[in-house]
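Below you will find the structure I want to go over with you.
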Amino acid sequence: MAAGLQPHAHHAGPSSGSIRLWDPSARRSRFPKLCEDKLDKRIAVLPFENLSDPHDEYFSDGLSEELISALAQISELKVIGRSSSFRFKDRKEEPKTIGEKLGVSYTLWKAR
């Protein structure tokens with residue numbers, strides 16, 4: 001199960017297991033810049049897809065929940081809650097579209 005955080009079109013790390021960050025306001029954004037800029041720092045952690053046994057779905061959900069909890073500890077970030085981001089579980093929408101619907105500047109999701 002790989003996590004994804006994507007700057008609009010940039011990759012941070014190898015494609016399998018990369019973290020991708022979508023940033024609508026800056027094309028050359030990098031993750032460290034997230035904490036340095038005075039830009040709006042709202043982020044949503046989208047539910048990770050369970051790629052193993054259906055009985056183990058609690059693991060992928062738990063991983064998403066732990067990331068939400070960990071990011072919420074960063075005072076500079078406004079983290080969208082689990083109930084809001086989990087509304088998009090099992091939907092086939094693009095992370096960019098989901099981010100716009102949630103009103104966030106960044107989305108964190110499982111990349112394929």
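Suppose the chain between SER83 and LYS96 were pulled fully straight at 0.36 nm per residue; how much longer would it get relative to their current alpha carbon spacing?
Residue separation times 0.36 nm, minus the Cα-Cα distance, leaves 2.8 nm.
Let me ask you something else. For LYS78, what residues show an amide H to amide H distance below 5 Å, using hydrogens built from the backbone and excluding near sequence neighbours?
Here the answer is LYS41, ARG42, ILE43, since their amide H atoms fall under 5 Å of that of LYS78.
Counting only other residues whose beta carbon sits under 10 Å from that of LEU102, what net charge do I get with K and R as +1, D and E as -1?
Local charge sum for LEU102: +2.
By counting other Cβ atoms within 10 Å of each Cβ, how are ASP53, ASP40 ranked from fewest to most?
Taking fewest neighbouring Cβ atoms as first place, the list is ASP53, ASP40.
List, in the order given, every pair from LYS41/LYS92; LYS89/LYS110; LYS78/LYS110 whose Cα-Cα distance in the structure shown is over 18 Å.
Too far apart for the 18 Å limit: LYS41/LYS92; LYS78/LYS110.
So what are the ³J(HN,Hα) numbers for the stretch 83-97, from phi and the Karplus equation (6.51, -1.76, 1.60; θ = phi - 60°), rounded to whole Hz, Gly and Pro as x?
Karplus-based 3J(HN,Hα) across the stretch 83-97 equals 4, 6, 6, 6, 4, 9, 5, 6, 8, 9, 7, 5, x, 4, 5 Hz.
Taking the beta-carbon count within 10 Å as an exposure proxy, list THR107, THR97 from fewest neighbours to most.
Listed from fewest to most nearby Cβ atoms, that is THR97, THR107.
The numbers here are math on the coordinates, done by the rules we state, and not lab data. Note that the structure is a prediction, hence the values are computed from the model and not measured. Counting neighbours? That spans all protein chains shown, and the Cβs are built from the backbone with ideal geometry, glycine included.
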